[in-house]
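Working notes, structure below.
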2 protein chains.
Amino acid sequence: MSRQLHLNAFLMSSGHHEAAWRLPESDPYADIDIDHWRRIARIAEEGKFDSLFLADGLVVWKGIEHRPGGQLEPTILLAVLATATDHIGLIATASTTYNEPYNLARRFASLDHASGGRAGWNIVTTAGADAARNFGLEDRPDHLDRYRRAAEFVDISRRLWDSWDDDARDADKAAGRYIDPANVHDVHHSGTYYRVAGALNVPRPPQGHPLLVQAGSSEDGKDFAARYADAVFTAHQTLADAQHFYADLKARAADAGRDPGSVIILPGIVPILGATEAEAQAKAQQLEDLINPVVGLQQLASVLEIPQERLELNEQLPDDIPDSDTIDGAQSRSKLIVQLARREQLTVREPIGRLGGGRGHFTFIGTYQQAADVIQDWFENGAADGFNVMGAALPSGLREFVDHVTPILQDRGLFRREYTGRTLREHYGLPRPLNLYQQGHVVAESSTAGAAQLAS
Amino acid sequence: MSRQLHLNAFLMSSGHHEAAWRLPESDPYADIDIDHWRRIARIAEEGKFDSLFLADGLVVWKGIEHRPGGQLEPTILLAVLATATDHIGLIATASTTYNEPYNLARRFASLDHASGGRAGWNIVTTAGADAARNFGLEDRPDHLDRYRRAAEFVDISRRLWDSWDDDARDADKAAGRYIDPANVHDVHHSGTYYRVAGALNVPRPPQGHPLLVQAGSSEDGKDFAARYADAVFTAHQTLADAQHFYADLKARAADAGRDPGSVIILPGIVPILGATEAEAQAKAQQLEDLINPVVGLQQLASVLEIPQERLELNEQLPDDIPDSDTIDGAQSRSKLIVQLARREQLTVREPIGRLGGGRGHFTFIGTYQQAADVIQDWFENGAADGFNVMGAALPSGLREFVDHVTPILQDRGLFRREYTGRTLREHYGLPRPLNLYQQGHVVAESSTAGAAQLAS
């Protein structure tokens, strides 16, 4: 069988377009409607998607006056969706900056058990200062520090997941022996940011480790992904940018001693589709007309980290907005928007439209056939191993993709017609990680310095 | 209708008797078998229990060589069980010492939304030094400090749950106005242990606040319960002890300015039952024969916080074991065991049997009728508002209770035949808390000192 495309369904209450909640079809309170989430999860599974994904933040989103700003905690919601589906992988975002490794490793291990090996963790470091202030800090830790902390957090998590041997459980009822204690390993971690002494209180997850996903595209983020990620979510506006990122990340993975094929790269795509181009354009226009430019200004100013007053809807971006490398937040997103606006000499109104449509992700407006062509083009030309499909409106955007685009990809032999794997790792064609303890890869007393060893 | 009894089903993998996993009926790995959990949840709901409950710890339990020592994270498991049931309340244990208020308040709010208002939180402070060492500490914080931290944690959680007005969501699609920002309140908490600036990113839970449960019976624990708890789990060996606790806690609630009727007191009962006394005794004997005395010694020594070598199976407890008030762990449990052993002049072997049967909870061995009599006796004589039913073996212990004891209680008019409420609070006959912000009970800048105000 030829190389197969991977598809992730990035779910978001009424949809990824910020005005989607205003569409006639939308329930503005879809975010707390469990039936809504079940419905879209089942559509994604019907379409044989590898996985579905929930983003997260630890604040009420800015601009709540004009768009939904809350969301249920993703691991809880995924546990619910695990029971509504049988095959599809379930990926939740969780922050390494504002959780304890023992608690979070355990939640993902529990989700992996509860779903029969379908859990994935999108590892984020949480950029915002407003989030920091919900967790006792005056400001966020700096960018590099957050990534160092994340690396140590993931090292510990992998040890915790491996702290029970795969065959640890050898209960003998007659003898009254539940487990050989030699099969359960205290992790004895004492590092720069964390100390964790004992073993996890959950047996090794069905997948060994939940799938690890990463989505930051800063330099620190790419190095982190190269070292740890099984799958990478990324945002590009052009084939050339996506190709550059793809080659760069695969090379970094090789430099980190990994098989580049074991890092699955999934650019985002916001498909706005129709049977004809005119139909697709009409849908796009309907959504754009619903964007409130005031909200767009707030949003753009927030991403660029400049006062809103510095932006004028009908003028280009100010020349002196900070170079993105000095922005300690969502670095790569900021760079992307500035580059796009300068390259195309856009007035502020236009990047607002693009941001509103998918927060900097690639918005594709066209026919089903054209969407399949673009996907195939990126897939076959070194830009993607698959896509992170972001319905502009939900469930309709996903329904349409599954009904009209997926069959084309299947007919072209690019995408599965049935699930052949059982676990999320199997969907992505990735092996189950060996147990570090059983492989003798972990020395008794670990430290952060020892962590690099884990990646080899 | 006469005063109604409340029943909580305290679930634990193969059962509360430590040797239950060795019974022929038991799957030793029931703890990670989601179908097993679904099955017992549905039995509890069939029996019209008010709620089911999952305990928790943040370590591999001691003695894993001889009994199950892991468990899935309770909020994840409850999210799964929410989808397997329609009515029953869902209570999870979570620690205030090793979580962040913003994260945990959000998880319970999410669970309350996902279950249609059925979430409860058993608030624990986590006694063990071994747990502390999984969270970067050398030793646990001291007892009083843990309870002060818990009080501030719950104060913040209540503000976070109330940070969205009940009718906050007033979306106007045509106007593009999602919410009036005046309906969402930043909590601005700056206290002794925590600082939390913003509003929760989840709308107010269906119950207003999840049901708050407390189970520590130390002096600090009782004061905490009197101030915060909607329901209290407790352990007593005799009617007299239970009456004393009941009167004491209701008085403390009144002292804290609360209606004593709004604090539901639920002693534990481990029913080992049969159609005849002989049948029940045979079951009890079967379980006792399966206890490994070596494990029992470990367990007793751990609870009493003395070296295991100081205990001899066929002798009484040493005279000089520390007075329980100096034990900074599970204070009340320790006191209970010492008192029981001294009162009845037991050899060490005997408290081990009682501990193994229900960790210090009241083990009742007898007929269905006798069990119903004891329950009614405690309920009608100032010892209990209901019971925390702890099946010695599961699912059989719960199945038997639901099939044979519940109908007697129903026939006597003591217990519901059908659910009449929709939420967990409604099952317990408790009102939905008013929103502190909408009542004007919260001043703009809060502090720990201001917290007492919340209880009034």
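The values are calculated or read from the model by the stated rules, or taken from the named source; none is laboratory data. What you see is a predicted model; the values in this text were computed from it and never measured. Using ideal geometry, Cβ is built from the backbone for each residue, glycine included, and neighbour counts are taken over all protein chains shown. For accessibility, only protein heavy atoms count, side chains too; no ligands or nucleic acids. Shrake-Rupley method; radii C 1.70, N 1.55, O 1.52, S 1.80 Å.
What to note about this one:
- Phi-based couplings in Hz for the stretch A:22-32 (Karplus 6.51, -1.76, 1.60; Gly and Pro marked x): 8, 5, x, 6, 8, 8, x, 9, 4, 4, 10
- Value of relative contact order over chain B, rounded to a whole percent, pairs C-alpha under 8 Å and six or more apart: 23 percent
- Electrostatic bookkeeping for A:R22 treats Lys and Arg as +1 and Asp and Glu as -1; over the other residues with beta carbon under 11 Å from its beta carbon, the sum is -1.
- For A:K62 and B:E380, a Förster radius of 41 Å and the Cβ-Cβ distance give a FRET efficiency of 0.10, rounded to the nearest 0.05.
- B:F362 long-range amide H proximity, modeled H, under 5 Å: B:H236, B:G268, B:V270
- The Cα center of the stretch B:32-106 and the Cα center of the stretch B:231-262 differ in position by 25 Å.
- Too-long pairs where the Cα-Cα distance tops 25 Å, listed order kept, from A:K250/A:K283; A:K62/A:K222; A:K283/B:K173; A:K62/B:K173: A:K250/A:K283; A:K62/A:K222
- When you count the other C-beta atoms within 10 angstrom of each residue and take the mean per peptide, A:110-118, A:51-59, B:143-151, A:376-384 line up highest first as A:110-118, A:51-59, B:143-151, A:376-384.
- Averaging the Cα positions of each part gives two centres, and for the stretch A:346-410 and the stretch B:177-218 these lie 38 Å apart.
- Think of the stretch A:45-115 as having a plus end and a minus end, set by charges on the Cβ of Lys, Arg, Asp and Glu; of A:T83, A:L72, A:V60, A:V60 sits farthest toward the positive end of this dipole.
- Counting Cβ atoms of other protein chains within 10 Å of each residue's Cβ and taking the mean over peptide B:54-66 gives 4.
- Each other copy places its own label point for A:R342 at 7.9 nm from this one, sorted shortest first, where the point lies 7 Å along the Cα-to-beta carbon line.
- Considering only the stretch A:76-234, percent of DSSP beta bridges that pair antiparallel, nearest 5: 30 percent
- The stretch A:202-291 - percent of accessible surface contributed by carbon and sulfur, probe 1.4 Å: 52 percent
- Placing +1 on each Lys and Arg Cβ and -1 on each Asp and Glu Cβ, with no other charges, gives the stretch B:41-172 a dipole about its Cα centre of roughly 480 debye.
- Label geometry 7 Å along the beta-carbon vector: A:D145 inter-copy distances in nm: 2.4
- Stretching B:E344 away from B:E138 to a fully extended chain increases their span by 70.3 nm, per 0.36 nm per residue minus the current alpha-carbon distance.
- Evaluated with a Cβ-only charge set (Lys, Arg +1; Asp, Glu -1), chain A carries a dipole of roughly 920 debye about its Cα centre, given to the nearest 20.
- Accessible area per residue for chain A, computed on protein heavy atoms with a 1.4 Å probe, is 35 Å².
- Within the accessible area of the stretch B:336-406, the carbon and sulfur atoms contribute 48%, probe 1.4 Å, all protein chains present.
- Sorted from nearest, the other copies put their B:D377 label points 8.3 nm away, the label point being 7 Å from Cα in the direction of Cβ.
- Averaged over B:127-134, number of beta-carbon atoms from partner chains that fall within 10 Å: 4
- Helix axis angle, A:34-46 relative to chain A longest principal axis, alpha carbon, degrees: 80 degrees
- Distant-in-sequence amide H partners of B:L212 (H built 1.01 Å from N, under 5 Å): B:W121, B:D230, B:A231
- Ranking A:R432, A:R416 from most to least accessible surface, computed with a 1.4 Å probe over the protein chains only, gives A:R432, A:R416.
- Pairing chain B with chain A buries about 6100 Å² of accessible area. This figure sums both sides and uses a 1.4 Å probe.
- Label-to-label distance for B:K173 and B:H244 is 6.5 nm, based on points extended 7 Å past Cα in the beta-carbon direction.
- In order along the stretch A:368-381, the phi-based Karplus estimate (6.51 cos²θ - 1.76 cosθ + 1.60, θ = phi - 60°) of 3J(HN,Hα) comes to 4, 4, 5, 5, 4, 4, 4, 4, 5, 4, 4, 5, 8, 10 Hz; Gly and Pro are listed as x.
- Per-residue SASA remark: B:T83, around 40 Å² accessible (1.4 Å probe; ligands, DNA and RNA not included).
- For the stretch B:68-79, 3J(HN,Hα) per residue [Karplus equation, 6.51 cos²θ - 1.76 cosθ + 1.60, θ = phi - 60°, Hz, x = Gly/Pro]: x, x, x, 6, 5, 5, x, 5, 5, 5, 5, 4
- Heavy-atom accessible area, 1.4 Å probe, ligands and nucleic acids excluded: residues of the stretch B:187-221 down by at least 50 Å² from chain alone: B:R195, B:N201
- The apolar share of the surface of the stretch A:1-126, taken as the fraction of accessible area on carbon and sulfur atoms (1.4 Å probe, ligands and nucleic acids excluded), comes to 49 percent.
- Average other protein chain Cβ within 10 Å of Cβ, residues B:74-87: 5
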